[in-house]
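> Questions regarding the structure given below will be posed in turn.
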Amino acid sequence: MFKPSPRKLGHLVLTVRDIHASANFYTEIVGLTVSDWIDERMVFLRAGTDHHDLALAQLREGAPSDASQGGPGLEHFSYRIDSFEEMEKVVKHLQDNDVTIDRGPGKHGPGENCFLVFKDPDGNNVEFYCDMLEITEEKPYEAKVWKDGAETFDVWGFEKFAVPPPAHFRKPTSPPSGGRGRPPKVDG
Ligand SMILES: [Fe+2]
């Protein structure tokens, strides 16, 4: 029977109330380096050679303070696997075992990594990723600001997704209701 071969614990993504305050904290107090931004909605940080080992995502205005209610906290954590070929096998493996796939497979703009996010029995988001950009002294990288949108989230345009794209990337079928704020849009 197929079983994935996770190689190491990779990055995690935290939702935060004030992305600039948190980015400042993780660079100036913790000592991480900024790899990229997506507008003012996400920032990718690194301690080692992976493009990101921590990413921060801005919560919407008025989000609850309790992590269990959608407030600041862990959005997902991830394990590295060796190849996209393995990721495609993992999709079938998850489906065969009735595991809920949250998003993917796809390929992010920032970090260039392929991603597949699924739910553990308690609803935590677990990700497998592969092919992440490595940043070294020999291969330096200049941080940039990506445009927030579907092309940044999945450069493949959801072509390889095993589930429908996240709601905020779907084309609206009726005019927007004008409700207060958008849900947090989290990827990375
Ligand atoms: Fe991720």
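> Considering only residues that are of a type outside the set (A, V, I, L, M, F, W, C), surrounded by fewer than 16 Cβ atoms within 10 Å (Cβ to Cβ) and part of a loop (DSSP other than H, G, I, E, B), which ones fall in segment 5-60?
SER5, ARG7, ARG17, ASP18, GLY31, ASP39, GLU40, GLY48, THR49, ARG60
> So, in segment 125-162, how many residues would count as being over 17 Å from LEU56 (Cα atoms) and assigned to a helix (DSSP H, G or I)?
Result for segment 125-162: 2.
> I've got another one for you. Just to be sure before I move on: is SER83 closer than 19 Å to PHE118 by Cβ, hydroxyl-bearing (Ser, Thr, Tyr) and away from the ligand (no atom under 16 Å from the Cβ) in the structure I sent?
Yes; evaluated as a whole, the condition is true for this residue.
> Have a look at VAL117, VAL163 and point out the one that is at pLDDT 95 or above and more than 14 Å from the chain's Cα centre (by Cα).
From the options VAL117, VAL163, the qualifying one is VAL163.
> Also: In segment 87-124, which residues are within 13 Å of the ligand (Cβ to nearest atom) and assigned to a strand (DSSP E or B)?
Within segment 87-124, ASP102, ARG103, GLY104, PRO105, GLY106, LYS107, CYS114, PHE115, LEU116, VAL117, PHE118 qualify.
> Being away from the ligand (no atom under 16 Å from the Cβ) and touching a residue at least 12 places away in the same chain (Cβ under 8 Å) is the filter; apply it to segment 135-147 and report the residue that is farthest from the chain's Cα centre (by Cα).
THR136
> Identify all residues within segment 105-131 that are among the small types (Gly, Ala, Ser) and in contact with an Asp or Glu (Cβ under 8 Å, 6 or more places away or on another chain); write none if there are none.
GLY106, GLY109, GLY111
> Only residues in segment 1-27 that are under 24 Å from VAL126 (Cβ atoms) count as the first member; pair them with residues that are basic (Lys, Arg), Cβ under 7 angstrom, at least 6 apart or cross-chain, and list the lot.
PHE2/LYS89; PRO6/ARG80; ARG7/ARG80; LYS8/ARG80; GLY10/ARG80
> Oh, and also: With (1) more than 25 Å from GLU138 (Cβ to Cβ); (2) more than 16 Å from the ligand (Cβ to nearest atom) as the list, and PRO6 as the residue in question, which single condition is left unmet?
(2) is the only condition that PRO6 fails.
> If you don't mind, another one. So how many residues does segment 59-115 have that are touching a strand residue (DSSP E or B) at 6+ places or on another chain (Cβ under 8 Å) and of a type in the set (D, E, K, R)?
8
> Now for a separate question. If SER177 satisfies every condition in (1) outside any strand (DSSP E or B); (2) modelled with pLDDT of 95 or more but one, which is the exception?
The failed condition is (2).
The values are calculated or read from the model by the stated rules, or taken from the named source; none is laboratory data. Since this is a predicted model, take the numbers as computed values, not measurements. As a convention, Cβ positions derive from the backbone with ideal geometry for all residues, glycine included, and neighbour counts pool all protein chains shown.
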